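**Student:** Below is the structure I would like to discuss, written out as structure tokens.
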Amino acid sequence: MERGGTNKIILVVIASAIVIVLLSLGQYRSLSSGLNPVREGFYIAERVVTAPFRFAATLWTDYLALVNVRRENKELVRELQRLRFQHMAMQGLEGENERLRAMLDFKSEHGDYQLLPATLLAQDISVIFRTVIIDRGTTHGFAVNMPVVSPLGLVGRVMAVSPHTAQVLLITDPNSAVPAVIEETQVKGIVKGTGTNVLSLEYVRSTELVEVGNMVVSSGLEGRFPKGLRIGRISEVGKDPRKIFVRIMISPSVEMSKLEGIFGVGFRAEDSQ
Amino acid sequence: MLKTLSSLLGITFLAAFIETVLLPGLWSPLRVDLLLGMVIGVIIHLGFSQGLLFVLASSLLLQAFSGARPGLIPLFYLFTFVTVDILKDVIYLENIMTQVILAAVFSVIAACALVLFMDIGLKPEEVIPLAVGSVLTGCASPVMVALVGRVKRAYEA
């Protein structure tokens, strides 16, 4: 009994040591890539399990029910999403000459960026951490830190990638931070995830002009996200004269619980640096 | 031992599929923790060392489906495993109601710890799926415990 108890303690100490090492290395988020084989295995299993259902669904929708119309419709929907995204990028750069120049810069800098379509494969096991796994990876052109968008706005960025899957950190995740600007007033700040369905815009001084309903877009300052991507509208402004910064809450443009028609934004090699 | 562990890891993989694909497909914010029931199951049916090995391996496997800091998920399941192992001398783990309550309580502890640790201000409507998830975690735990027992018996025979 005594010996058994000692063994248990030794085992728990060893297991704790493993966990502590993992936690101490946890600041290197690239460690998540070490779990790529698991996600790859999951991708294969998911494909195998859902193959009969997908086959039956495809047989019915693409051949029996609507032979050509369905396919044509899919292409049109995809084209519409692509156009909506382009429209959004253009809208964020309309207006004054300076902003028109910025639009020209944007087009010249990212004129040939690729939109890589992807589909949602799985969601995070915890509702607090907001990550999703998509069915596209390095073989389809996805890479770590690649921005992910939907026709409605910014979704997040790729945090780990394997040959056929990618883990996307949504902008609502508490670990997410996106340099942003209020479209109407050009006030800059950092949009942070809260782990809930709202975002917070931080580091905006109390003296700045901020109103409910203002649109917040990516500023492109860090170079990770293209400029002018819609993030959301300001839903709440809490000014406290004793504080330097104002408390701003944002309602995201993209409803993260219904992610459809998402794209990875592929940069040219020189842009990604 | 190897056969039992690999079978249990296979079940964990299936559980991850249910947790991350099927259930969020029904209701997006709903999360049901099926591994908690398996942790209770390995304490009842397997030895401490085998159970500990399974808990570490399966929680690392689940880490692949989360944006949590690496190590955080194994830490939680290790804590659960050790606590339940201590509790087994005090409470009757084989009782179905005990399993339901234990799993639900640990699910609530995990959610509360994350909310406090990450400093998240949940709205009332966001608490509902968490509460439903905890109740369903509790309800699923006897099934998972039975599944572990069945795997154990299959290889013993």
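The values are calculated or read from the model by the stated rules, or taken from the named source; none is laboratory data. Note that the structure is a prediction, hence the values are computed from the model and not measured. Reconstructed Cβ throughout: ideal geometry from the backbone, glycine too, with neighbour counts over all protein chains shown.
**Student:** Of all residues in region B:87-124, which are free of Cβ contacts under 8 Å to residues at least 12 places away in the same chain and basic (K, R)?
**Tutor:** The one that is free of Cβ contacts under 8 Å to residues at least 12 places away in the same chain and basic (K, R): B:K123.
**Student:** Do you know which residues across region A:155-187 are crowded, with 23+ Cβ neighbours inside 10 Å, more than 14 Å from chain B (Cβ to nearest Cβ) and at pLDDT below 90?
**Tutor:** Across region A:155-187, there are no qualifying residues.
**Student:** If I ask for residues that are free of Cβ contacts under 8 Å to residues at least 60 places away in the same chain, under 16 Å from B:S6 (Cα atoms) and in contact with a Phe, Trp or Tyr (Cβ under 9 Å, 6 or more places away or on another chain), which ones from region B:36-51 would you list?
**Tutor:** Of region B:36-51, the ones free of Cβ contacts under 8 Å to residues at least 60 places away in the same chain are B:39, B:43, B:47-51.
In the following step, the residues that additionally are under 16 Å from B:S6 (Cα atoms) were identified as B:39, B:47, B:49-51.
Selection gives B:V39, B:G51.
**Student:** Let me ask another. Against the conditions (1) assigned to a helix (DSSP H, G or I); (2) surrounded by fewer than 24 Cβ atoms within 10 Å (Cβ to Cβ); (3) away from every other protein chain (no Cβ under 11 Å), where does B:C112 fall short? Just the number, please.
**Tutor:** All conditions are met except number (3).
**Student:** Among the numbered conditions (1) hydroxyl-bearing (S, T, Y); (2) under 17 Å from B:A104 (Cα atoms); (3) over 11 Å from the mean Cα position of the chain (by Cα), tell me where B:S49 comes up short.
**Tutor:** (2)
**Student:** Working carefully through the options B:V127, B:V105, find the one that is at pLDDT 90 or above and more than 9 Å from every other protein chain (Cβ to nearest Cβ). Working first, answer last.
**Tutor:** Working: B:V127 fails: at pLDDT 90 or above.
Of B:V127, B:V105, the one residue that is at pLDDT 90 or above and more than 9 Å from every other protein chain (Cβ to nearest Cβ) is B:V105.
**Student:** Being within 14 Å of chain B (Cβ to nearest Cβ), farther than 19 Å from A:M88 by Cβ and part of a strand (DSSP E or B) is the filter here, so list the residues in region A:188-207 that pass it. If you could, list the steps in order and put the result at the bottom.
**Tutor:** Applying the first criterion (within 14 Å of chain B (Cβ to nearest Cβ)) to region A:188-207 yields A:192-200, A:202.
Keeping just the survivors that are farther than 19 Å from A:M88 by Cβ gives A:192-198, A:200, A:202.
Result: A:K192, A:G193, A:S200, A:E202.
**Student:** How many residues are touching a helix residue (DSSP H, G or I) at 6+ places or on another chain (Cβ under 6 Å), facing another protein chain (nearest Cβ under 8 Å), in a helix (DSSP H, G or I) and crowded, with 22+ Cβ neighbours inside 10 Å when one looks only at region B:17-51?
**Tutor:** Total satisfying the criteria: 0.
**Student:** State whether one or more residues within region B:71-93 are over 13 Å from the mean Cα position of the chain (by Cα) and under 30 Å from A:L199 (Cα atoms).
**Tutor:** Yes, some residue in region B:71-93 is over 13 Å from the mean Cα position of the chain (by Cα) and under 30 Å from A:L199 (Cα atoms).
**Student:** Filter region B:52-73 for residues that are free of Cβ contacts under 8 Å to residues at least 40 places away in the same chain, farther than 15 Å from B:L114 by Cβ, within 7 Å of chain A (Cβ to nearest Cβ) and part of a helix (DSSP H, G or I) and give the result.
**Tutor:** If the condition is that a residue be free of Cβ contacts under 8 Å to residues at least 40 places away in the same chain, farther than 15 Å from B:L114 by Cβ, within 7 Å of chain A (Cβ to nearest Cβ) and part of a helix (DSSP H, G or I), then B:L52, B:L56 are the ones that fit.
**Student:** Moving to a separate point now. Please specify each residue of region B:1-32 satisfying the condition of being under 15 Å from B:A64 (Cα atoms) and of a type in the set (D, E, K, R).
**Tutor:** Scanning region B:1-32 gives a single hit, B:E19.
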